[in-house]
Every structure is written in structure tokens, then in C-alpha cells.
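Below is one structure, written out as C-alpha cells; the observations come after it.
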Amino acid sequence: MKQEGKRSIWNDYQKEIADDKFYYVRSCIRQNFFPGSETAFLKILREVLEKDVFDDRHHTTCTGIGYHAEVVPLETTMTVVGRNFALMKEAGYQNYVPSCVTSFGIYTEILDSWHHFPEVEARARENLDKATGRTFEIPGNLAHTSDIIFKFRNEIAAKAKYMLVNKTTGKPLRVVDHIGCHYAKMFPQKGIGGAEYPYVLAGMVEAWGGEVIDYPERRHCCGFGFRQYLVKANRGYSISCSKKKFESMEPEKPDFIIANCPGCAYFLDRWQYALAEMEGKTYGEDGHGIPSLTYEEVAGLVLGFDPWELGLQLHQVPVESLLKKMGVAYDPESKFRGANGEDLGQPESPLNLKFYE
Amino acid sequence: MDKTVAVVGGGVAGLAAAAALNQLGYRVLLYEKEAFTGGNVRNWDRLFPKARNAREVVDELASSLTGLTEIATGTFVNSVKSTDGLFEIESSGRPAYADAVLLTTGFELFDARKKEEYGYGIFENVITSADLEKMFASSGKPLMADGSEPKKVAFIHCVGSRDEKVNKPYCSKVCCVTAVKQAVEVREALPECEVYNFYMDLRMFGTGYEQLYKEAQVKGVNFIRGRLSEANETRTHQVMIKAEDTLVSRPLQITVDLVVLMVGMSPAGSTMTILKSLGLLGNEDGFAGIANAHTGSTLTLKKGVFVAGACSGPANITDSVNEARAAALRIHQYLGGV
């Protein structure tokens, strides 16, 4: 692998990312999958970086899952997107920041459509006006939340309590980065580093002391593809996609996986459990899995946030192996306690995937 | 005769045209931006369909020049201005005037890095057809980055040709037969090496091409009709490639030691620079525009300005040389020699 070749491509795909005053748009599913991630993003932006972020309770889904499942027509999606843009305008913001990669893809695609087909934008405006009486403005800047963390990766590194370095060996942690398909595959110029060798997560890992590893199935789907998991009969295809990736990355002995898409982080976590139960196969060390984290969770760990406040106890693949490598201080007894200290009980241990130490 | 023709580009078309113009009695100013004449052919080892040494062709054409040709190598033509039928050549060398101008600016090889998914410049064992020619010239066989001999080689056709994604919708004509030629050469140099050619169509249009294709099959080259979707590097620096075998409608994955990208022809940057200075346009693919495709392929829409060879579109050596000689006759006609 010629690193200079990759860096040359990274230089070709830069994008403008706003510096402050963000209008934050949540994901439909992330709060269920990894509930600490969005909270961590807001905490990092507001408390660590002292940025202005508006978390609007009135915004809705972008309809992305329904759109890609062909149950929501494109005109409806455009109208809903227009409404979210209208809310941003009413709130006095211009920099639109969706938390979900699918949403980012939806917004990018619609803005591109409107740019090339003004009559389609006019129709969306008309539909929105009829339905809500609202008007919208095109965002001054559109960036995914991973773009924002990427932009401030060095500021985060400067405030780091822990680095992505093995505390025992002193070597960089080996990290698999996985980028959601809708981040840049449709519009490579809208993603940091482009579509083939994205830099958005690799840049974070580098800045925080880790080492990004490559493997032959790096580009392969995580298994979350909508038609694979929405249609129950296709889920065998979904898990086989994930398995293909795990088999390919296993020889590289990754310390963890970092992903910027809700579905990728989730499926690369949960399917490890399913594969362990189905086939008795695990892909980490000594019967462990490979922890699969979101970039906000990784940023939170680097900044010294409590792992259980980050919601890491909700991962199917336990993260303790990573915490120990990084030297993160944590209380094992608090893992399954609620916010008020109440004991929530402990999950049953899987048959094959090592869950408790 | 005391008339001068400026020939811009010292590849095979430029050399052939200059020689023909000399024979007709014209003085020729031959501009070549590189240090040597011969153009892209100079960088090739052997030529299809009969494996003739490429340097022989260049030397043969160069030896046909007479004392009437003044060669300015290392000289870049910036613009050509036309005044009352006289052309002023502004270059990195001294200013000069000519009675007619022939563009033989040729082509540039497609930059394979633009097909990012194939990993050229990133994966150690992904090379281009031009890189392979250099290997043949220096060591007579393909070699991997670590100097070892490959056991499996894949040729990928149409890299930068017939590809809307990189704005190259046209066929580069010669890559198919070049891939077949190189595949045969690999089998001859390394008889144990497995060779796979991934193609869209095999356009064997020239004399002897179809026979070469048959020879490749007899010599054990595997032909798979399918375009690559992606390439990735393995831990051992091999290249895992994914494609679809469209004849059996099945996805295909294979790991090879060396991938050869058959890079197509792109317009030379200097062509449009000179055309613009003359108020002329390129064609839809960015090559030099011609008067008409059937009977005016060496003419432009400006009197006194002619084109020949791959500057007006992908062409093989045979067609480039023939067109150059045809252009020389057109110039002779224009200058009143006929």
C-alpha cells in the first residue's frame, strides 16, 4: 500500500465545513441503537468545543428509510426535507448537520436535484406552502456530524485524556474504519477523502494516535443495506455480508471498528453475536468480539467521558477489551446501573461470544 | 519551392508528415515538446500484431527526413496566429513563420489514478499497459513490485475508455489488441503464469488482430467478459478483484499477483491550446475538430490548418501514418503545388 497515493486522493476531496452555529438534526434510529452517541456529540460540541448547536425538538425524520424502501414517494420526502430546512430558517441557523448518514445522503441528493432541476425545487416549495404555510432556504452549509468531529479532531486531540494507543505496548491501536454507503458513494465530492478511500474517520483515528488498517473487503457492505434487513427473507444475505467483512479483517487483528453510519456500527456489532451463536465463531481475541463503536463514542472515550455514560454497555460486543488497552478508568459495577444508580440486572451471557470477563 | 510548413508534434504522424512534405519539396519546422521524437510509440517495446520492435518504426520514419526538416525538440508551441495566410508560431523556442500548419500533437495516456477504485498509485501491484511495456523493454517480462515473477496476471480493458464516469465515452481503439498482445507476451515470457483478460467487447478491427486473438486463446489466455467493479490489496500485496462474468451472469472474485490497466487515449493538452489560439474548436471528446468525418479527416475549418494522427481521435500507427501522408498531399494542394 502506497500511503502517498491515498493522501493524494484525500487532497482531491476536501469540503467546506462550517465552524459554528449548527442546526442539529437527529437520526431516527441512533437513539435506540447507541443512545449515548448523539448526547456525546452535543456534549463535545457545546461543553468541550463551546460551539452553538441548536437541537430542535420540532424536526422530523428525513423519511430516508421509507424512501429507500419505496414506501415514501420522492415528492413527499422533498416536502419533509423542505419543512426541516424551514425550521432551521425559523430558528435563525444556516448550517445543517444531520446525525444520520442516510439522512446526509438524502439531503445531498435532494439539494443536487434542486440545483439541476429548479422546477422540482419550486414544486417542493409549493407543496410545503400548501401543507404548512412555511418557506425554506437552502442551507448555507451541509455537513454530516462525522464531518464536524473530523473538523475538530485536532482540538479534541489537544484535550485528550486517553489516546488510541495500547497502554501496555505503547503501540497505536489498530482500527478498522467503515464508512456508510450514503456518506460519499453517491456524491464522492461531498465526502472528506471521496468515496473510494474516505478520510473522514481515518483522519480522526490518526489524530487520536491510532492506526487505520486496510483489508481486502474494506469497501464491502456492512450488511445493513435496507433491502437486506427490511425484508426478512433477505437477512441471510445481510449477515453473510457482515461475515465476509469479519473474515477479511480478522487476520489484521483490529482492536476495534469505528463507523459513521447508524446501521454500520449496529450491524457490525450485533451480527458478531449472531454469528457466534450460529457458528461458534468469534473474531476478536480469546473468544471476544471486535468492539464496534461510533465516532462520537470514540471521541468521548478519548476525551475521558465515562464509558457507561456514553452508553457503551448497550453494545452486544463488550468494549472492556478496548477500555483496558486504552487505559480508560471505569467501574465494572456500574455497567448495568441506571442513571439513578438503580441495578438494572445483568443480561444473560451469550453461548459463544465472551460477554463477561 | 520556398514554402514552410510547421508540424506540431514529433510522434509517428509528425515524422511521417514531415518526411512526405520534404519529398514534395517543402521546408518543415518540426516541433516536439519532449527531448526526443517518436511520441508515445517511443515508450512502447513491441507492437501488435506481429511484435515488431517499436523503435524500428520510429527510426524508419525519422530516417526518411531530409535536410529540409528542422527539428526543434524540447520546444512547446504556445499558440499559432494567422495573419493574411501566414502563420506565426509562438513557442518556447524562437518565433517562426509558416505557410501552413499541421497539428500532429497526438494523445496522452489516460491517468489511471482517476479510476480510483482500481487502486493505481495506491496498490503496489497495479500497473498500466505503459508500465508493462517498460518492464518488457527492461527485463523482458512482467515483475511484481518486490521483483518476483507473477503467477497470475489480470488485464483490465477499457480503463479510461467507454466510461461515462470519467468523461471518456469513446473507444480508444487500440487497447483491446494491445491487451491481447501483452497477454500473449506474458504467456511467452512466463509460461506457467495464468493470464486473465477482463473485457467489455473485443474490437479486433485491424489486419492480423483477429488472428492474434486466436493465438492468445490457443496459448491459454483466459478471456472473461465483464468489467471490474473494484480492486483491493491483500495482506501479501496481491490484488483481489471483483467483476461480473456477464456471459454466465455470475459475480466473480479472483486474487491475482499483478493487475494491468489498459489505459486509453486522452486528448493532448497542447491540442486545445493551439486550436483555441487559432479560433478553432475541439470535437465532443476533446480531440481536434475536423472538417468532416468521411472526406475531410485531415482538414479543419480554418484554411491552412491541418490535422493528422491521434490528435483528432484515437488511432493506431498505421492510420496515423496514412493520415499524415494524406495531410501532406492536402497541404501540397493548399499551397498550390498541385
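The values are calculated or read from the model by the stated rules, or taken from the named source; none is laboratory data. Keep in mind it's a predicted model, so treat the numbers as computed, not measured. Here the Cβ is made from the backbone with ideal geometry for all residues, glycine too, and neighbour counts use every protein chain on show. Accessible surface is based on the protein model in full, side chains and every heavy atom, while ligands, DNA and RNA are left aside. Shrake-Rupley method; radii C 1.70, N 1.55, O 1.52, S 1.80 Å.
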Restricting attention to region B:122-146, the residues that are assigned to a loop (DSSP other than H, G, I, E, B), open to solvent by 20 Å² or more (accessible area, probe 1.4 Å) and either of a type outside the set (D, E) or away from chain A (no Cβ under 13 Å) (or both) number exactly 6
Scanning region A:196-212 residue by residue, those outside any helix (DSSP H, G or I), within 14 Å of another protein chain (Cβ to nearest Cβ) and farther than 20 Å from A:F267 by Cβ turn out to be A:E196, A:Y197, A:Y199, A:V212
Residue pairs within 8 Å by beta carbon, gap of at least six or interchain, first lying in region A:89-115 and without any contact (Cβ under 8 Å) to a residue 60 or more places away in the chain, second open to solvent by 10 Å² or more (accessible area, probe 1.4 Å) and acidic (D, E), listed first then second, are A:K89/A:E137; A:S113/A:E121; A:W114/A:E121
Checked region B:161-180 for anything of a type outside the set (V, I, T) and crowded, with 24+ Cβ neighbours inside 10 Å; matches are B:S161, B:S172, B:C175, B:C176, B:A179
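Residues are listed down the side, and each one gets a yes or a no for (1) in contact (Cβ under 8 Å) with a residue 12 or more places away in the chain; (2) open to solvent by 30 Å² or more (accessible area, probe 1.4 Å):
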| position | (1), (2) |
| --- | --- |
| B:Y31 | yes, no |
| B:R46 | yes, yes |
| B:E60 | no, yes |
| B:I89 | yes, no |
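So that you can scan it fast, the table gives a plain yes or no per residue for (1) in contact (Cβ under 8 Å) with a residue 24 or more places away in the chain; (2) within 21 Å of B:F110 (Cα to Cα):
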site	(1), (2)
B:M240	no, no
B:D257	yes, no
B:T273	yes, yes
B:G304	yes, no
B:A324	yes, no
If you go through A:K324, A:K253, A:K244, the only one that is open to solvent by 50 Å² or more (accessible area, probe 1.4 Å) and in contact with a strand residue (DSSP E or B) (Cβ under 8 Å, 6 or more places away or on another chain) is A:K253
Taking region A:213-241 and the residues there that are open to solvent by 40 Å² or more (accessible area, probe 1.4 Å) and within 14 Å of chain B (Cβ to nearest Cβ), the one that is farthest from A:I290 (Cα to Cα) would be A:Y237
When restricted to A:M88, A:M1, A:M78, the only residue within 14 Å of another protein chain (Cβ to nearest Cβ) and among the aliphatic types (A, V, I, L, M) is A:M1
Exactly one of B:V260, B:V248 is of a type in the set (A, V, I, L, M, F, W, C), surrounded by fewer than 21 Cβ atoms within 10 Å (Cβ to Cβ) and either closer than 22 Å to B:M144 by Cα or more than 14 Å from chain A (Cβ to nearest Cβ) (or both), and that one is B:V248
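Listed here are the residues, each with its yes/no results for (1) in a loop (DSSP other than H, G, I, E, B); (2) out of contact with any Leu (no Cβ under 9 Å at 6 or more places or on another chain).
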residue: B:A19; (1), (2): no, no
residue: B:N22; (1), (2): no, no
residue: B:L29; (1), (2): no, yes
residue: B:V58; (1), (2): no, no
residue: B:L61; (1), (2): no, no
residue: B:R94; (1), (2): yes, yes
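Conditions tested, residue by residue: (1) farther than 17 Å from B:T105 by Cα; (2) of a type outside the set (G, A, S); (3) modelled with pLDDT of 95 or more.
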site: B:G39; (1), (2), (3): no, no, yes
site: B:R42; (1), (2), (3): no, yes, yes
site: B:L47; (1), (2), (3): yes, yes, yes
site: B:A51; (1), (2), (3): yes, no, yes
site: B:R55; (1), (2), (3): yes, yes, yes
site: B:A62; (1), (2), (3): no, no, yes
Of those in region B:48-58 that are touching a residue at least 60 places away in the same chain (Cβ under 8 Å) and surrounded by fewer than 17 Cβ atoms within 10 Å (Cβ to Cβ), the residue nearest to B:G208 (Cα to Cα) is B:K50
Checked against (1) assigned to a strand (DSSP E or B); (2) touching a residue at least 24 places away in the same chain (Cβ under 8 Å); (3) within 14 Å of chain A (Cβ to nearest Cβ), B:F223 satisfies every condition except (3)
